[in-house]
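What follows is a short report on a single structure.
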Amino acid sequence: MNRPEPPVPGPGPAGRLRRDERGQSISVFVLLVMAALFLVAGLVIDGGQKVTAAGLAEAAAAGASRAAGNAAATQQLGGADPAAAALLAARAYLAGQPGVQGSVAVSDGVVTVTTSATAETVFLSVLGLDTVTGTGSAQADVVATGRPR
């Protein structure tokens with residue numbers, strides 16, 4: 001069998017050296033795949049940071065509304081105005097939660113707590129996005145203990 005001989009580098013038809021370009025196309029492919037993997041890893045890790053911040057904010061809101069509802073119910077049983085106690089208890093609870101900011105409102109026997117928490121990004125900081133924010137909210141009805149709901 002006669003096999004054709006592989007091309008030999010040398011002057012081509014235009015007087016330039018011919019090169020084997022097979023390795024260059026693989027290098028570009030690997031570079032593109034690595035960039036895509038880096039992007040996906042960034043989305044997964046920084047997306048996890050956002051989910052963590054949202055979970056922290058949601059847990060803080062739930063705890064603060066529970067504390068406010070308990071304090072308000074106790075005050076209402078004693079015949080006092082429950083709104084002030086609810087605000088104080090919720091704000092005190094939020095003050096003990098690091099990295100969480102929030103607001104508390106009492107209206108028509110319902111305590112509403114809205115919170116937010118931030119987390120630093122790992123990969124997105126390269127693009128200028130240094131933090132992600134998660135939010136949470138919770139409500140509690142002010143019901144005096146021993147009364148039907």
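The values are calculated or read from the model by the stated rules, or taken from the named source; none is laboratory data. Owing to the predicted nature of the structure, the values given are computational and were not obtained by experimental measurement. When we count neighbours, we look across all protein chains shown, and the Cβ atoms used for this are built from the backbone with ideal geometry, even at glycine.
Within the stretch 62-70, the presence of at least one residue that is surrounded by 10 or more Cβ atoms within 10 Å (Cβ to Cβ), at pLDDT below 90, touching a helix residue (DSSP H, G or I) at 6+ places or on another chain (Cβ under 9 Å) and at negative phi is confirmed. Of all residues in the stretch 69-88, those being in a helix (DSSP H, G or I) and without any contact (Cβ under 8 Å) to a residue 12 or more places away in the chain number 2.
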